[in-house]
Amino acid sequence: MSFDQIINRKNTYSMKWDGAQSIYQNSNLIPMWIADMDLKAPEPIISAIRKYAELGIYGYVEYPELTDIPQVIAEWLKKRNNWNVKPENLGYSSGVINGISLAIRALTQENDSIIVQSPLYGHFRSAIEHSKRVLVKNDLIREEKSYFFNWDKLESQIVANHVKMAILCNPHNPTGRVWSPDELRHFVNICQQHQVIILSDDIHSDLILPGYQYYPVASICPEYSNQIITFKSLSKTFNVAGLQFSYYHTTNNTYLKKMKSTAQYSSNPEWPTSFALPALKAAYENPICEKWLQRLLVYLASNLQWLTKEIESKTPAIVTNSQSTYLAWIDVSYLHCSEKDLLHELNNSGIGIQSNKDFGLNNNDGLFIRLNYATSKAVLKQGIQRLINGLNHLHKK
């Protein structure tokens, strides 16, 4: 299977492609916004789904904890992350954000403060505010082409706002930063001093680009693991977000019970879709899938290297040194224009991206775009050319 294959996803109920037409009002647009890939999943996953589909019955699915799935997940985490987890310390949700929302409602009270590092993944804001909690933003420090924690501000904001919970994005979306063991220890030490629960969104943790390494915060700081809940999924890794399944880990049995109890009365039950468990079993057990993942990471790194050189050689834009994911974080502050004008120009140029407002930034923070480069090289080249054309046209105005 070649990642260079161009797959027509139009008229397939795709949020990325069909949904983009209603969002951007441009039927000829190349969508490079939402985080799913234009690349086929590994063949063993496709075969597992096809085999299940041929049953012709798609009834309710057994609770994952009553199956072999917890052991399959535990073995994957040991193999990929050298992280020893007990199957009984796992919980399940229809998605990582749903799981995080569940933890917020189960473990905090209305009007409690929750701190997030900014730029932030927009659904963190939604999960916090829809639960009637208070969002506290701690801006990351930007140096050269990378991002770092602002330690002094992190602690002062925790104290000033009586923060009860912190959401860590590991690796970080949208900047692609992979946190080091020392950074994770420092983060945990601050939270531990002030009795702050940590929710770690690690959904992109399998998508670490060559030369970098991911560390689960709970494995780096086992002494505080009973105050850490780590959220993971196969959805980004193997491009199966539509299967609606994720899992979370904590050594705190009280937290697990509270989350499961809250889930029983929520609109986001723990039940996965019919195809999720067969797909996960194939993804985590079949060695072909892991080989596919290794090839994918090389392909993504090649795409990022090419687009960085292309954009920076033809515009004054600055592409952040991403260490993970398939999302480029690009500084276009040199344009000195409004976000509205930027989006209008790029829409007219035929490319759909996300920008400041989706990541908790305002005009004082500069002007940034997030671009999904997990597509074939042919489509990527078309999209980047449209981006360059739009940026240069706007720069001349």
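Apart from one condition, ILE141 fits all of (1) touching a strand residue (DSSP E or B) at 6+ places or on another chain (Cβ under 7 Å); (2) touching a residue at least 12 places away in the same chain (Cβ under 8 Å); (3) not acidic (Asp, Glu); the exception is (2).
One line per residue, one yes/no per condition, for (1) closer than 18 Å to SER376 by Cα; (2) at pLDDT below 95; (3) assigned by TED's automatic domain parsing to the domain that holds LEU297; (4) of a type outside the set (D, E, K, R):
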{"position": "SER2", "(1), (2), (3), (4)": "yes, yes, no, yes"}
{"position": "ILE7", "(1), (2), (3), (4)": "yes, no, no, yes"}
{"position": "TRP33", "(1), (2), (3), (4)": "yes, no, yes, yes"}
{"position": "MET37", "(1), (2), (3), (4)": "yes, no, yes, yes"}
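Scanning the stretch 312-336 for residues that are in a loop (DSSP other than H, G, I, E, B), over 20 Å from the mean Cα position of the chain (by Cα) and buried (at least 17 other Cβ atoms within 10 Å of the Cβ) gives THR315, ALA317, VAL332. Across the stretch 349-385, the qualifying residues are those that are farther than 12 Å from LEU307 by Cα and among the basic types (Lys, Arg), and the one among them that is nearest to the chain's Cα centre (by Cα) is ARG370. Inspect the stretch 308-317 for any residue being in contact with a strand residue (DSSP E or B) (Cβ under 9 Å, 6 or more places away or on another chain), hydrophobic (A, V, I, L, M, F, W, C) and over 21 Å from ARG9 (Cβ atoms) and give the result as yes or no. Within the stretch 308-317 (the criterion being in contact with a strand residue (DSSP E or B) (Cβ under 9 Å, 6 or more places away or on another chain), hydrophobic (A, V, I, L, M, F, W, C) and over 21 Å from ARG9 (Cβ atoms)), the answer is yes, since at least one residue qualifies.
For LYS309, state whether it is in a helix (DSSP H, G or I) and either touching a helix residue (DSSP H, G or I) at 6+ places or on another chain (Cβ under 7 Å) or hydrophobic (A, V, I, L, M, F, W, C) (or both).
Working: in a helix (DSSP H, G or I): yes; either touching a helix residue (DSSP H, G or I) at 6+ places or on another chain (Cβ under 7 Å) or hydrophobic (A, V, I, L, M, F, W, C) (or both): no.
Judged against the criteria, LYS309 is not a match.
As for the stretch 23-30, it holds at least one residue that is surrounded by fewer than 16 Cβ atoms within 10 Å (Cβ to Cβ) and either under 24 Å from THR273 (Cβ atoms) or aliphatic (A, V, I, L, M) (or both).
Each residue in the stretch 31-54 was checked for being surrounded by fewer than 15 Cβ atoms within 10 Å (Cβ to Cβ) and not in a helix (DSSP H, G or I), and 1 of them qualify.
Residues that are polar (S, T, N, Q) and at pLDDT 95 or above occur at least once in the stretch 329-342.
When you look at SER131, is it more than 21 Å from TYR215 (Cα to Cα), among the small types (Gly, Ala, Ser), without any contact (Cβ under 8 Å) to a residue 40 or more places away in the chain and surrounded by fewer than 23 Cβ atoms within 10 Å (Cβ to Cβ), yes or no? In short, yes.
Take the residues in the stretch 274-306 that are assigned to a helix (DSSP H, G or I) and over 21 Å from the mean Cα position of the chain (by Cα), then tell me which one is surrounded by the most Cβ atoms within 10 Å (Cβ to Cβ).
Keep residues of the stretch 274-306 that are assigned to a helix (DSSP H, G or I), which gives 276-285, 287-306.
Imposing the further condition that a residue be over 21 Å from the mean Cα position of the chain (by Cα) reduces the set to 278, 281-282, 285, 287-288, 291, 306.
On the way: PRO278: 19, LYS281: 18, ALA282: 24, GLU285: 15, PRO287: 8, ILE288: 15, LYS291: 11, TRP306: 15.
That would be ALA282.
Per the listing LEU361, LEU367, the residue uniquely under 22 Å from LEU120 (Cα atoms) and in contact with a helix residue (DSSP H, G or I) (Cβ under 7 Å, 6 or more places away or on another chain) is LEU367.
Any idea which of TYR58, TYR24, TYR63 is closer than 30 Å to SER126 by Cβ, among the aromatic types (Phe, Trp, Tyr), modelled with pLDDT under 95 and in contact with a Phe, Trp or Tyr (Cβ under 8 Å, 6 or more places away or on another chain)? Let's see the steps before the verdict.
Values: TYR58 fails: in contact with a Phe, Trp or Tyr (Cβ under 8 Å, 6 or more places away or on another chain); TYR24 fails: in contact with a Phe, Trp or Tyr (Cβ under 8 Å, 6 or more places away or on another chain).
TYR63 is the lone residue from the list that is closer than 30 Å to SER126 by Cβ, among the aromatic types (Phe, Trp, Tyr), modelled with pLDDT under 95 and in contact with a Phe, Trp or Tyr (Cβ under 8 Å, 6 or more places away or on another chain).
Let's see how each residue does on (1) surrounded by fewer than 17 Cβ atoms within 10 Å (Cβ to Cβ); (2) among the charged types (D, E, K, R); (3) assigned to a strand (DSSP E or B):
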| site | (1), (2), (3) |
| --- | --- |
| VAL72 | no, no, no |
| TRP76 | no, no, no |
| LYS79 | yes, yes, no |
| ASN84 | yes, no, no |
| TYR92 | no, no, yes |
| ILE100 | no, no, no |
| ALA103 | no, no, no |
| ILE114 | no, no, yes |
| GLN117 | no, no, yes |
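Looking only at the stretch 353-397, residues that are surrounded by 21 or more Cβ atoms within 10 Å (Cβ to Cβ) and β-branched (Val, Ile, Thr) come to 4 in all.
The values are calculated or read from the model by the stated rules, or taken from the named source; none is laboratory data. A quick note: this is a predicted structure, and the numbers were derived from the prediction, not measured. Methodologically, a virtual Cβ is constructed for each residue, glycine included, from the backbone with ideal geometry; neighbour enumeration extends over all protein chains shown.
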